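Below you'll find the structure, written out as structure tokens, and then a few comments.
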Amino acid sequence: MLKNLWRKLPLQTRETLYLRGFGLTKIPLLLSVSPSIIRLTEEQCEVKIPLNWFTKNHLNSMYFGALCVGADCAGGMIAVRALEEKKLPIGFVFKDMKAQFLKRAEGDVHFLCVQGREIHELLEKAMNTGQRENLPVKIVCTCPSLSNEPVAEFELNLSVKKLKVDK
């Protein structure tokens, strides 16, 4: 019954609930910025974080910490979903980050990662080699309500490794 109800929800709603549930159980800080999945496919992920009292800074633009959380979500959700769907025993982290803050983000921010195919290839490579594999993942941030010009750009180094499975 619950599965049928879940399947009746729009995909965007299911993915947002999944992300927030993941935040609740694994990384509670994610919940604090109220991320929403706009689009999640094998090729790309777009996440939105609203500008509100909790995410803004003293200049009424989005706090850089909230921007970092959004970049993490957009870059990580493709891997999270691929690992879950394929049941791959792989652990992943972002081991470093570069950020350029180009403009003040004075509205809701959308975070877009379009490297889904590369992330899937990285996961397969880690499964085949058993070694730690890395990929720089780019995320472009915009405030569509104001402009399509980027307000920030991130490069997160995704690091994955096959986990040892106890038998």
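All of the numbers you see were taken from the coordinates with simple rules; none came from a lab. Owing to the predicted nature of the structure, the values given are computational and were not obtained by experimental measurement. In this analysis, Cβ positions are derived from the backbone assuming ideal geometry, glycine residues included, and neighbour counts consider all displayed protein chains.
Numbers for the structure displayed
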quantity: Which label in (1) 11.6; (2) 13.6; (3) 10.9 gives the computed mean projected area of the Cα convex hull in nm²; calculated: (3)
quantity: Full-stretch length increase - ASN57, LYS98 - with 0.36 nm per residue and alpha-carbon distance subtracted; calculated: 12.7 nm
quantity: Sequence-distant residues sharing a close amide H with ALA105 (under 5 Å, placed H); calculated: MET62
quantity: Positive-end residue of ALA105, LEU29, MET62, charge dipole of segment 2-162 with Cβ unit charges; calculated: LEU29
quantity: Packing-based exposure ordering (other Cβ within 10 Å, fewest first) of HIS110, HIS58; calculated: HIS58, HIS110
quantity: Chymotrypsin sites (Phe, Trp or Tyr not before Pro) restricted to segment 1-76 and DSSP loop, no more than 14 other C-beta within 10 Å; calculated: TRP53, PHE54
quantity: Sum of -39500 (n - 2.57) over DSSP H runs of 4+, divided by residues of the chain (222 nm, nearest 500); calculated: -11500 deg cm²/dmol
quantity: Only Lys, Arg (+1) and Asp, Glu (-1) charged, at Cβ; the chain dipole about Cα centre in debye; calculated: 620
